[in-house]
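Colleague: Below is one structure. I have some questions about it.
Every read-out reported here was derived from the displayed coordinates using simple, explicitly stated rules and does not represent laboratory data. All of these numbers come straight from a predicted model, not from anything done at the bench. So basically every Cβ, Gly included, is an ideal-geometry build from the backbone, and we count neighbours across all protein chains shown.
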Amino acid sequence: MMDTARQVLVVDLENGVETGRELKPLNAVNPIERAVEIKNLQIEVLLCGAISRLLESSLLASGIGVVPLLCGDVESILHAFTSNNLQDSGFRMPGCPGRRMRGRGRGGGFYRRRGRRGR
């Protein structure tokens, strides 16, 4: 659950190619404070499993795209994301077909940092 995760994998991408990654701690417990914490990491898109609607809404309001309800191994999800095939893949959590990418970007999990799109 993204609301209680203790760390997040931050992946930097340029033109769809990974240029770096690191695990970052998450300390905020309150969903609104957690959204601020994630925004301060300069995140553009959050790919995650379960997430509360309050945290998702807070992230969207701060300009961060959210792809919720994903499952699978990180490398496969990252590959699908960088190939722009994440929505076409079988990475949806069972029983959760309705919520799709919201906000900006293509797309926790892991993130893509703002300004690294290479567009």
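Colleague: Using modelled backbone amide H atoms (1.01 Å from N, in-plane), which distant-in-sequence or interchain residues come within less than 5 Å of E14's amide H?
Modeller: T19
Colleague: Further, regarding this structure: DSSP loop GluC sites (Glu not before Pro) in the stretch 37-77 with at most 16 other Cβ atoms within 10 Å of their Cβ, which ones?
Modeller: On the way: sites: E37, E44, E56, E75; in loops: none.
Nothing satisfies the criteria.
Colleague: Related question: Can you list the residues, at least 5 places off or on another chain, whose amide H is less than 5 Å from the amide H of R92, using H built in the peptide plane?
Modeller: Long-range HN contacts for R92: C71.
Colleague: Same structure again: Give, in nm to one decimal, the length gained when the segment between V74 and Q42 is fully stretched (0.36 nm per residue of separation minus the Cα-Cα distance).
Modeller: The V74-Q42 span can extend by a further 9.5 nm.
Colleague: Sorting R6, R92, R21 on the 10 Å Cβ count, fewest up front, what's the list?
Modeller: Numbers: R6 8, R92 18, R21 14.
Final ranking by Cβ density, sparse to dense: R6, R21, R92.
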